[in-house]
Structures are given as C-alpha cells and as structure tokens.
C-alpha cells in the first residue's frame, strides 16, 4: 500500500527498491498527529467504564462492543482473500521517476547533484527499468459473489503475469484479470472455485465521521489480520502523492499497512463500506494513523462495469473546469462561490455543440447541486455516453438551463492542442478573444490592481491583425464612452452600435498607461 506519485499502495517504485535506493515507497510523509491511537482511546473508555461500574463489576457496554467486533470478524473473514503476484514488466517509467532515481543515486552516494549532461544516462536507465521484472508483491481482495469475482486495487495486479488467490480456508487458486481501471485504482479478478462466501456491500453514503470501522487484509503478508478504528473524515480528495484521478476517499485511523491494499473496510454490520487503498506515513512505509479507502458505492459501480465490459466508459463534456474562488463572485456576478467555472471549452466537443462558453459557471447537473471540483468531475464521469444531461449554469449573472448530449471520455482527458481550445469569448467585430478580468486570471495580480475591472484580451485574429494596436493581456475598460466591467458590458455596447460606426476602445496597459484605439467597421464580418 502506498501513496506514491504514480499510485498509492502500488510498488511503482519497485525498481528503486531493487537497487536499494528507496526504503519505503509506500507513502508520502505526513506529520504524525499528537493524538492517542484508537486502541489507546478504547482502553481509556474501558478504564473509565470500570471505574464507574466499581470493582468486580461487569462492563456490559464494553463487552457488547467486543462481541460486536467478534461477530463482524467471524462473518467477514471468509470473504477476504490474500493475493500474491509475480512476473510482468514495469511498463512505462515517467520522467519524474527517472529524475528521482538520478537525484537519489548522486545525492545518496556522492552527495552531489546529477550532472547536467545525463540525457544518454537517462535513456539507458529508462530502457533498463522498463524491461525489468518487478519483484513479487501481495495485496488483499474482496469476494463479490459465488462465481469467484474478486474486487481489489489496480496497483496490486496491473501488469502481472502470475496472480494467486489464497482463500480463508487456505486454498490457493490461480486468478485471471477481468478488468482494470487505473483512474480509480480498482480491478476485478476471477477464480474458479466452489463454496465461496462473498461479502455484503454497504452504503458508504450512510457513513458518518466517528463511526467504528474494521480493516481486514494481509499487511506485510500476515493474512486475515483485523484492525479497528473510526471514520476520521469523508470526501478526501487531492491527497498529496496519490495520482488516482477520481478521489473521494474515506479517511480512517484503522491500522492499514502495505498488503492491506484491496482489502475491505467494514462497518459493525459486517458490510463493506470501503476498499483500503492508500496510507500516509512519515516516510518509512508504516501506518501513522491515516489511511484512505475508496467508498463502496463508487467501488461497486466500477466493479459492475469491469465485470460486464472489462473496462470503464465515462462521460465527457469537453471542458476544463476550475474552482470558483470567493474573489470571482463579484467580477462574474455570482450569488456565491458554489459550482465550477469553465476555464476552457474544447472545440467540437459536447460542451461546444451545446453552446457552453468560457466563464460559464455550472451550478447543477441533472438537478444535483455542484459542491466542488472533484465532485463535479465524478458526476460527469458517471454520466453515460449519449445521455442528455441537464445543466444549470450562470452566465453574465443570469441563470440559464442547457442540455448537453454527453460524449465518451478520451483516454487522455486534457490532451488537446491550443488550436482546439476556446480560451475566451470571440468577438468577430473586434477580431479579439476576451474574458472578464477577475483577480489572478493569467497572472493578472502581477499586472493589474485587484480592484481593476474590465475585459482582458486573451487572443487576437492573427489572419487580419485587427485591431493592430491591441495586445494580449491588455484590458478593455471602456467602449464608445461606456464603461466596460465585463464581457456582457462590451457585448451590449457592440450590439447597440450600428455596424457602420467606428468603435473606440479605452485600453489599460500592464504598465499602467492608457490609450484609445479606434476600430474601423469591417463589412466583411
């Protein structure tokens, strides 16, 4: 289990281990909280209860909790499997990993920085590392049904030639990969066996912070290990060092260590509420009381699709969304900072065909409010291709409704060229592409006072070169003696000005100077 740059819990840095350069690739350093462990808290509660009950008296509440734990463990253990993997190839090694390899090699051995002319060395290391066989590994899994389908983490089985499943009754069986989904770090494998005992999947949405949970798995190869803790937080995303694209983690303080990957996090009803996936440590690969699990509701949806199709198809809008900052609300005429702002629209995408524009703010999808960036990305991904989604947006301070026919998410979500991106609103009459200026846009804090209002130029019509005296990053603050504070203001002036009349733009330059630019009418537009 790991929180690494490539995938938490993954032995993606296995090649560093092979040469003895990394001692613990399983986690991103996280300071240990100065709080007692779950076990210490439980002992404290029991001591307090004993004192209240008096000497020699039974502790009915503590004993009831103990019996509940034992009942859950008895029910759950038969549905938890140990997974051993071997063989395969490392696959693609990133530039960042090569740089880390070189940095460690030179810093740890020589105390020096890598030499500047190491391009050939980089190529040789890449060739060698990508062809090496990774060392044997291990993880855990959850029996989904009596047919032998098992849910685990992608990083446990991805790229492996040999997969062996060890059941709770010590039967060892070969397994094959049914499907993998690196974007959520989930995978489904299958064994052929009878007398299987699948686990019940619970509703992770019902979990609350403070709920007791148990983790079952094979930390460090110790099969059928059970630990307990509480739900520390929900909805964790953008966890440092975790490169899973879709994150909505349950955080727990249950002891989870390397080898727990893919195993269940269960509630006191014995239902699976999460798939243990990542840990945070002080850099030594050992649990520091912070572990992360994929919610069961997300995991079950992915598992069903992997069982039937072998891969996951996700919905696609064709935009680059960003979070709405509190400072954006005034500039864009928003009632609050809820929703996500469209920073880029991909040309010829579903969003483009539906007429969505840069600086539109999406506040709801199919009547579900958009509460944040990660939640929005998940909502879109869960839509089915060809489905017609109803979006509620705010454009120029006015709420509108737009229907979008959802597309299929490409493998590389944001791999589009500059020519395929709309980065602002195009004003053909001016030959300019513009956006409403808001604090921080395109580094404008360094160029303009945060109280400056207007329309920033983000592109020009290079074919015509018109208007010749307006440059990118200059700000239009007025037009024909009308103040301009937003794209809406500028569009209204253009609409109310006859095509045969000149336009006079009042421009603010980054150096603080102002100028007037006259735009002649162009009858060809």
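Okay, residues lined up against (1) surrounded by 23 or more Cβ atoms within 10 Å (Cβ to Cβ); (2) farther than 20 Å from residue 385 by Cβ:
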residue	(1), (2)
293	yes, yes
298	no, no
301	no, no
315	no, no
321	no, no
325	no, yes
331	no, yes
Does segment 293-343 hold any residues that are touching a residue at least 60 places away in the same chain (Cβ under 8 Å), in a loop (DSSP other than H, G, I, E, B) and over 21 Å from residue 235 (Cα atoms), and which are they? 310, 311, 312, 313, 317, 318, 327, 333, 334
Does residue 380 satisfy being in contact (Cβ under 8 Å) with a residue 40 or more places away in the chain, assigned to a helix (DSSP H, G or I) and not assigned by TED's automatic domain parsing to the domain that holds residue 239? yes
Please count how many residues of segment 350-371 are under 19 Å from the mean Cα position of the chain (by Cα) and touching a residue at least 60 places away in the same chain (Cβ under 8 Å). 0
For segment 198-234, how many residues meet the condition of being closer than 22 Å to residue 156 by Cα, assigned to a loop (DSSP other than H, G, I, E, B) and in contact with a helix residue (DSSP H, G or I) (Cβ under 6 Å, 6 or more places away or on another chain)? 3
If a residue has to be outside any loop (DSSP other than H, G, I, E, B) and modelled with pLDDT under 90 to count, how many in segment 460-505 make the cut? 3
Suppose we keep only residues that are surrounded by 13 or more Cβ atoms within 10 Å (Cβ to Cβ) and not in a helix (DSSP H, G or I) within segment 54-87. Which one would you say is modelled with the lowest pLDDT? 59
Within segment 432-447, the residues that are modelled with pLDDT under 90 and either surrounded by fewer than 18 Cβ atoms within 10 Å (Cβ to Cβ) or more than 33 Å from the chain's Cα centre (by Cα) (or both) are 439, 440, 442, 443, 445, 446
If we keep only residues of segment 400-416 that are free of Cβ contacts under 8 Å to residues at least 24 places away in the same chain and in a strand (DSSP E or B), then the residue nearest to residue 485 (Cα to Cα) is 400
State whether the residues of segment 235-244 include one that is in contact (Cβ under 8 Å) with a residue 24 or more places away in the chain, in a loop (DSSP other than H, G, I, E, B), on the phi > 0 side of the Ramachandran plot and touching a helix residue (DSSP H, G or I) at 6+ places or on another chain (Cβ under 8 Å). yes
Has segment 255-275 got at least one residue that is in a helix (DSSP H, G or I) and either under 21 Å from the mean Cα position of the chain (by Cα) or not assigned by TED's automatic domain parsing to the domain that holds residue 148 (or both)? no
First in segment 66-87 and in contact (Cβ under 8 Å) with a residue 40 or more places away in the chain and in the same structural domain as residue 254 (by TED's automatic domain parsing), second anywhere and assigned to a helix (DSSP H, G or I) and surrounded by fewer than 17 Cβ atoms within 10 Å (Cβ to Cβ), Cβ under 9 Å, 6 or more apart: 82/221; 84/221
Can you tell me how many residues in segment 383-396 are more than 19 Å from the chain's Cα centre (by Cα) and in contact (Cβ under 8 Å) with a residue 60 or more places away in the chain? 6
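I need the full set of residues from segment 446-459 which are in contact (Cβ under 8 Å) with a residue 12 or more places away in the chain and in a loop (DSSP other than H, G, I, E, B), in order please.
The initial filter retains those residues of segment 446-459 that are in contact (Cβ under 8 Å) with a residue 12 or more places away in the chain, namely 447-448, 450, 452-459.
If the condition is that a residue be in contact (Cβ under 8 Å) with a residue 12 or more places away in the chain and in a loop (DSSP other than H, G, I, E, B), then 448, 450, 452, 453, 454 are the ones that fit.
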Reported set for segment 506-525 where residues are more than 12 Å from residue 427 (Cβ to Cβ) and in a strand (DSSP E or B) is 506, 507, 508, 514, 515, 516, 517, 518
Can you find even one residue in segment 466-484 that is surrounded by fewer than 17 Cβ atoms within 10 Å (Cβ to Cβ), touching a strand residue (DSSP E or B) at 6+ places or on another chain (Cβ under 7 Å) and in contact (Cβ under 8 Å) with a residue 40 or more places away in the chain? yes
Here the qualifying pairs (Cβ atoms under 9 Å; residues six or more apart or on different chains; first in segment 197-219 and outside the structural domain of residue 277 (by TED's automatic domain parsing) and over 30 Å from residue 164 (Cα atoms); second at pLDDT below 95 and crowded, with 24+ Cβ neighbours inside 10 Å) come out as none
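The values are calculated or read from the model by the stated rules, or taken from the named source; none is laboratory data. Remember, predicted model here, so these are calculated numbers, not experimental data. In this analysis, Cβ positions are derived from the backbone assuming ideal geometry, glycine residues included, and neighbour counts consider all displayed protein chains.
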